[in-house]
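A.B. asks: Below you'll find the structure I mean.
Just so it is clear, none of the values below were taken in a lab; they were calculated from the coordinates. These numbers come from a predicted model, not from an experiment. No Cβ is skipped: glycine too gets one built from the backbone with ideal geometry, and neighbour counts run over all protein chains shown.
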Amino acid sequence: NAGVMQNPRHLVRRRGQEARLRCSPMKGHSHVYWYRQLPEEGLKFMVYLQKENIIDESGMPKERFSAEFPKEGPSILRIQQVVRGDSAAYFCASSLSGEVDTQYFGPGTRLTVL
Amino acid sequence: AQSVTQLGSHVSVSEGALVLLRCNYSSSVPPYLFWYVQYPNQGLQLLLKYTSAATLVKGINGFEAEFKKSETSFHLTKPSAHMSDAAEYFCAVRVAGGSYIPTFGRGTSLIVHP
């Protein structure tokens, strides 16, 4: 029973490029959450999605960031025109419907912007 | 608004000694409280959670935490530290009946000496 999978694990981009981070939830989970972790800080919520729906994007920066969770395939967090301040670890978590307090986290994608 | 404060960014103990990681919360309504552990280069793993049932909550790996409303605390303890307990620990809170998204503390790094 595979856990939450994220790829790539490490991603290096130059300023101005696009970063695409993928998250495959645990089998049977229909809810996905994205968090960002800056060095020596806790996780900050970014966005909460169900299949084909954005439920809560209150933590997403207004520009350059977008997320989707299509009917088929993984959830994608997309960062356009990356800047150095986007360098962080991005974690995805998933849960069963109605069990938001039991989130299972993936290993994260560490984004480095040169 | 909800928040958590983790006292001490680093805690150092000897193997076999008591582990005590402190967490104080701020919430205007009854909270749900969580402790997560993060091993190097991995995602967060839920250790235990308090959701208004018993105030003493037992989790995995021998950890437990006690909800003390009068002290607004939810400290994490383990009677005897193992080398394998060395990791980053995060306390999180969410408001019961409110936002389903937890707010995380900045984390406490547990160092275990032989």
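A.B. asks: Extension gain residue B:111-residue B:17, at 0.36 nm per residue separation less the Cα-Cα distance, in nm?
C.D. replies: Full extension from residue B:111 to residue B:17 adds 32.7 nm.
A.B. asks: Continuing with this model, one more query. Step through the residues of region A:34-50 one at a time and calculate ³J(HN,Hα) from phi using the Karplus curve (6.51 cos²θ - 1.76 cosθ + 1.60, θ = phi - 60°), rounding each to whole Hz and writing x for Gly and Pro.
C.D. replies: Values, residue by residue: 10, 10, 10, 10, 8, x, 6, 10, x, 6, 10, 5, 10, 7, 10, 10, 10 Hz.
A.B. asks: A follow-up question, please. Set the Förster radius R0 to 35 Å, insert the Cβ-Cβ distance between residue B:84 and residue A:81 as r into 1/(1 + (r/R0)^6), and round the FRET efficiency to 0.05.
C.D. replies: Plugging the Cβ-Cβ distance into 1/(1 + (r/R0)^6) gives 0.25.
A.B. asks: Another one. Between region A:40-88 and region B:1-50, what is the C-alpha centre distance in whole Å?
C.D. replies: The two parts, judged by their Cα centres, are 25 Å apart.
A.B. asks: For region B:9-34, list residues with backbone N below 20 Å from a point placed 7 Å from the Cα of residue B:71 toward its Cβ?
C.D. replies: B:9-13, B:17-28, B:30-34
A.B. asks: Ok, one more. Could you work out the pair-distance distribution P(r) of region B:52-105 from its alpha-carbon pairs, with 5 angstrom bin width and percents rounded to whole numbers?
C.D. replies: 4, 15, 22, 26, 19, 9, 4, 1
A.B. asks: Under the Karplus relation 6.51 cos²θ - 1.76 cosθ + 1.60, θ = phi - 60°, what is the ordered set of whole-Hz ³J(HN,Hα) values for region B:44-54, x standing for Gly and Pro?
C.D. replies: 6, 10, 5, 8, 6, 8, 10, 10, 6, 9, 4
A.B. asks: I've got another one for you. Rounded to the nearest 0.05, what FRET efficiency is calculated for residue B:5 and residue A:51 with R0 set to 30 Å and r the Cβ-Cβ distance?
C.D. replies: For residue B:5 and residue A:51, the calculated efficiency is 0.25.
A.B. asks: Can you sort A:31, B:75, B:113 so the residue with the fewest Cβ neighbours within 10 Å comes first?
C.D. replies: B:113, B:75, A:31
A.B. asks: Please give the residues of region A:96-114, grouped as numeric ranges, whose backbone N is less than 16 Å from a label point set 7 Å along the Cα-to-Cβ vector of residue A:64.
C.D. replies: Flagged as within label range: A:111-114.
A.B. asks: Mind telling me which of B:29, B:13, B:93 comes out most flexible in a GNM of chain B, alpha-carbon contacts under 10 Å?
C.D. replies: B:29
A.B. asks: Mind jotting down the three principal axis lengths of the protein assembly as shown based on Cα atoms? Whole angstrom, largest first.
C.D. replies: 48, 40, 35
A.B. asks: Explain nothing, just the number: relative contact order of chain A, from Cα pairs under 8 Å at least 6 residues apart, as a whole percent.
C.D. replies: 37
A.B. asks: Please state, as a whole number in µm²/s, the translational diffusion coefficient that the Stokes-Einstein equation yields for chain A at 37 °C and 0.692 mPa s, with Rh defined as the Kirkwood radius across alpha carbon pairs.
C.D. replies: The estimated diffusion coefficient comes to 235 µm²/s.
A.B. asks: Students often get this wrong, so check it: of A:62/B:78; A:44/B:69; A:27/B:49, which have C-alpha atoms separated by over 32 Å?
C.D. replies: A:62/B:78
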